[in-house]
Amino acid sequence: MTQDITDLRATVRGEVLTPEDPGYEDARALHNGMIDRRPAAIVRVSGTADVVSVLSYAREHALEVSVRGGGHGVAGHALGGDLVIDLSALRGVTVDAAGRTAVVQAGTIWGEVDQATQAYGLAVPGGRISHTGVAGLTLGGGEGWLSAKYGLSCDNLIAVELVTADGRVVVADDESEPELMWALRGGGGNFGVVMSFTFRLHPLGPLVLGGMLGYRVSDAPAVLEALDRLCSAGHDDFAPAAVFLTAPPAPFVPGHVVGRPILAIVPVWLGDPEAGAEVIRPLVEAATPLFDAVQPMPYVALQSMLDDGSQPGRRNRWSAEFVPGLDPGLISDLQDAAIAAPSPLSQLIVSPLPEAVRTAPDSAFPSRHGGRWLVHPVGVWVDPGGDPANLAWVEEVTSAIRKHGVTGSYLNLEQADDDRVRWAMGVRRYRRLQQVKAAWDPGDVFRHCAHVSP
């Protein structure tokens with residue numbers, strides 16, 4: 001394929017990396033270290049024209065393409081094709097402070113968006129890990145701390161620039177392409193290569209209430225009951241998450257607690273920190289905390305607070321299930337799973353589905369009206385020799401969760417096959433997505449994603 005690659009290099013301005021080139025190994029590395037694929041070429045595109053050229057080249061040579069944004073997706077779709085359109089060089093954020101919008105290039109990560117928008121006292125809902133890519137998270141929904149007040153990332157998407165399978169460049173919004181925009185808000189990367197996203201921004205900060213409360217695993221019933229009551233009280237500034245994890249060697253964790261399974265609550269409050277401290281008092285009163293590291297902090301610090309627990313290159317297996325509520329049996333199963341986890345890096349994340357998400361305008365995002373809680377097992381380990389035990393743990397805890405009445409899935413957090421995608425979307429939504437797919441990608445060029453068939 002040497003001559004063919006020479007021809008490809010002649011048509012693009014960006015770097016083309018093949019298995020023989022220095023830098024190829026780094027370019028094919030993804031967040032999930034279990035993904036070990038060797039595409040024929042990775043093209044670090046320099047702009048829209050390069051994407052058009054790569055798609056043309058792929059059509060001419062009958063090659064499959066995949067698209068890489070931040071490379072954070074656990075399923076590894078970014079390396080699914082023979083040719084990888086790597087958007088990582090396209091990183092930039094242009095803020096219109098007066099209009100409260102931002103145009104974000106497709107290779108940007110959320111930490112860069114937060115830094116750029118907070119300079120103007122503004123923000124948009126993004127992921128809870130700062131090195132997550134904007135593109136994949138948004139196209140699959142995009143749930144984070146700000147979702148409690150402002151919905152998903154995709155709910156704040158107002159326009160895109162997109163390259164279609166046949167090489168057309170389209171600028172789409174709700175007026176010009178309403179069905180495409182509906183599909184892009186949660187329907188994944190099925191419809192084209194998004195080159196830029198225009199988001200609606202909201203005033204925030206600079207300080208919010210963040211940090212962590214730590215409890216014994218045995219305190220989970222009382223603490224999660226208190227959390228459930230607070231979430232039902234209708235505070236749209238309250239944006240919490242609960243996590244079963246192994247206590248890290250952080251400065252705020254007492255030495256005798258480090259290395260033990262604990263339940264942590266991250267009781268984020270997006271409004272006045274003093275008011276938030278009063279609202280979350282029932283959490284402190286529900287059980288005696290092992291530590292209390294809750295304090296006012298800059299929003300950008302909150303957004304990177306959990307980064308240390310999500311390092312790239314580790315081995316990952318995840319699932320994500322929406323459930324109706326936190327019944328005692330489910331809490332007991334989560335306690336057992338937390339204690340049995342074979343890796344100290346693994347976590348069980350429990351977060352509410354906020355009212356702002358449930359009441360947002362309809363889009364392709366499928367799980368607005370089902371379960372009130374998302375339970376997200378995150379299996380993480382380092383040694384390949386640990387694969388059998390850790391994969392089994394994720395499978396076992398997922399099976400235990402499903403016994404309690406699963407209503408849906410968050411596909412951004414799964415390795416979902418086509419049947420799982422179809423189930424998660426539901427019959428009507430899936431058929432509508434198929435119609436959009438048939439209109440914009442009838443040849444199924446963009447199949448390496450949470451796939452919808454034409």
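Gap in Å between the Cα centre of the range 1-73 and the Cα centre of the range 347-368? Computed from Cα coordinates, the inter-centre distance equals 34 Å. With the convex hull drawn around the C-alpha atoms of the range 207-413, the volume per residue stands at 124 Å³. Computed over the alpha carbons of the range 93-204, Rg followed by Dmax gives 13.0, 41 Å. Summary value for the chain: 16 percent relative contact order, contacts being C-alpha pairs under 8 angstrom separated by 6+ residues. Taking Cα centre as origin and charging only the Cβ of basic (Lys, Arg, +1) and acidic (Asp, Glu, -1) residues, the dipole magnitude of the chain rounds to 420 debye.
Expressed as a rounded percentage, what relative contact order does the range 93-204 have, with Cα pairs under 8 Å and six or more residues apart? For the range 93-204, the relative contact order is 32 percent.
Could you estimate the translational diffusion coefficient of the range 2-86 from the Stokes-Einstein equation, with Rh from the Kirkwood formula over C-alpha pairs, at 37 °C and 0.692 mPa s, in whole µm²/s? My calculation gives 257 µm²/s for D.
For the range 51-158, DSSP calls about 55 percent of its internal beta bridges antiparallel. Divide the volume of the convex hull around the Cα atoms of the chain by the residue count and you get 136 Å³ per residue.
Since every read-out is calculated from the coordinates, none of them should be taken as a lab result. All values reported here derive from a predicted model rather than from experimental measurement. Because the Cβ atoms are built from the backbone with ideal geometry, glycine has one as well, and the counts that use them run over all protein chains shown.
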